[in-house]
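Reviewing the structure listed below.
The values are calculated or read from the model by the stated rules, or taken from the named source; none is laboratory data. Remember, it's a predicted structure, so these values are computed and weren't measured experimentally. Cβ: placed from backbone, ideal geometry, glycine included. Neighbour counts: every protein chain shown. Ligands, DNA and RNA are stripped out before the accessible areas are found, and what is left, the full protein with its side chains, is counted by its heavy atoms. Shrake-Rupley method; radii C 1.70, N 1.55, O 1.52, S 1.80 Å.
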Amino acid sequence: FILTDDQGWSSSSQEMDDRIPNSMSDFYETPSMERLAKNGIRFSSGYAPCALCCPTRRSIQFGQTPMRQGDDEHFRKNYQPENKQLITIPRMLKSIDPAYRTAHYGKWDLRADLFPEDLGYDESDGNTGNRNGDMNSTKDTKWTEVFLNNDPKRIETITARALNFMKRNVNSGNPFYLQISHYATHVDMQTTEELYKKYRQKKKGEVHSNPGWAGMLESLDTGIGKILDAIDQLKISGNTYLILMAD
């Protein structure tokens, strides 16, 4: 399960709805997302549980609507680490088959004193939030400043950990659930020098034209492509579901 952050449904080079020409970008390039759509199903009428990041992430883990989970205060009070009766993705899978191994890498951001391991995950990056994927932009500069680095939004790091987890569990014969929650494309904007140069030289689209965002999105797409490749290389495509969703 790959979760992207703050990505609009038209923010890819894949047309999300054949009836709506502008449901794809006229500037961004995401060949891996196109590949996934070509070989899978586009849920063009599917929606995130909430129009905000944190409630969506809580909803996914517990299979409950944000309305049921309440505001921050209600959530923190009623979803304590010691409450083992709450159904979560890892607990459900392990109740079906104790051999299941589960991992969560990347942005967690439940805004509560809950770690992935508290919900039954075997491995994680911890109780992470936006700051773990940011550089040092401020509220005033995050929409304009672009940071150039070799691991934008920690995409390379998160993907490498995910690939390692997949290989280990395929080799050991364990079924697994893996959630990759990217910090991208949430601002601040980070990209590589090469991709920034590429999109600065590219003709701007009428809808999209930001080279920093485009480079960050292409790095994200490349990371998704590596997961697709690994599924094929590990020969698990016949019994693996891959879901890509934005929060």
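Inverting the mean 1/r over all pairs of different Cα atoms, compute the Kirkwood radius of the range 28-131 and quote it in Å. Can you show the working numbers first?
Numbers: mean 1/r = 0.0649 Å⁻¹.
Value: 15.4 Å, from the Cα pair sum.
Applying a 10 Å radius around every beta-carbon, put 164-177, 99-112 in order of their mean neighbour count, most first.
Going by the mean number of other Cβ atoms within 10 Å, highest first, we get 99-112, 164-177.
Any idea how far the Cα center of the range 175-244 sits from the one of the range 18-41, in Å?
13
Which of these, Gln201, Gln190, Gln80, has the largest mean-square fluctuation under a Gaussian network model of the chain (Cα springs below 10 Å)?
Of Gln201, Gln190, Gln80, the Gaussian network model singles out Gln201 as fluctuating most.
Add -39500 (n - 2.57) for each DSSP H run of 4 or more in the chain, then divide by its residues: what number comes out at 222 nm, to the nearest 500 deg cm²/dmol?
Mean residue ellipticity at 222 nm (helix-derived): -10500 deg cm²/dmol.
Taking the chain as a Gaussian network, Cα atoms linked when under 10 Å apart, which of Glu123, Glu194, Glu156 shows the biggest mean-square fluctuation?
Sorting by GNM fluctuation, first place goes to Glu194.
Under a 5 Å amide H to amide H cut-off, with H placed in plane at 1.01 Å, what residues pair with Leu244 once short-range neighbours are removed?
Ile2
Hey, what does the equivalent ellipsoid look like for the range 123-191, semi-axes from the Cα gyration tensor as sqrt of 5 times each eigenvalue, largest first, whole Å?
Those come to 30, 12, 8 Å.
Kindly give the semi-axes, whole Å and largest first, of the ellipsoid equivalent to the range 75-115, taking each as the square root of 5 times a Cα gyration tensor eigenvalue.
Taking √(5λ) for each eigenvalue gives 21, 15, 6 Å, largest first.
Modelled label-to-label distance, Thr222 and Lys84, 7 Å Cα→beta-carbon offset: nm?
4.5
Grab the beta carbon distance between Arg19 and Leu234, set R0 = 25 Å, and tell me the FRET efficiency rounded to 0.05.
0.10
Under 10 Å from the Cβ of Leu220, count the other residues' Cβ atoms, weight Lys and Arg +1, Asp and Glu -1, and hand me the total.
Numbers: positive: Lys153; negative: Asp5, Glu218, Asp221.
Value of the local net charge: -2.
Once you've got the GNM for the chain with C-alpha springs shorter than 10 Å, pick whichever of Leu195, Leu52, Leu114 has the biggest mean-square fluctuation.
Leu52
Suppose each label sits 7 Å from its Cα in the direction of the beta carbon; what would the Phe43-Asp113 distance come out to in nanometres?
Distance between label points: 3.4 nm.
Counting only protein heavy atoms and using a 1.4 Å probe, what share of the accessible area of the chain belongs to carbon plus sulfur, as a whole percent?
50
For Thr144 and Met67, what does the FRET efficiency come to when R0 = 30 Å and r is the distance between their Cβ atoms, rounded to the nearest 0.05? Kindly include the intermediate steps, with their values, before the conclusion.
On the way: r = 35 Å, r/R0 = 1.18.
Using R0 = 30 Å, I get an efficiency of 0.25.
If eta is 1.567 mPa s and T is 4 °C, what Stokes-Einstein diffusion coefficient results for the range 158-220, Kirkwood Rh from Cα pairs, in µm²/s?
Answer from the Stokes-Einstein relation: 93 µm²/s.
Could you work out how much longer the chain between Arg35 and Lys202 gets when fully extended? Use 0.36 nm per residue separation minus the Cα distance between them, nm to one decimal.
Values: separation 167, 0.36 × 167 = 60.12 nm, distance 2.26 nm.
This chain segment gains 57.9 nm when fully extended.
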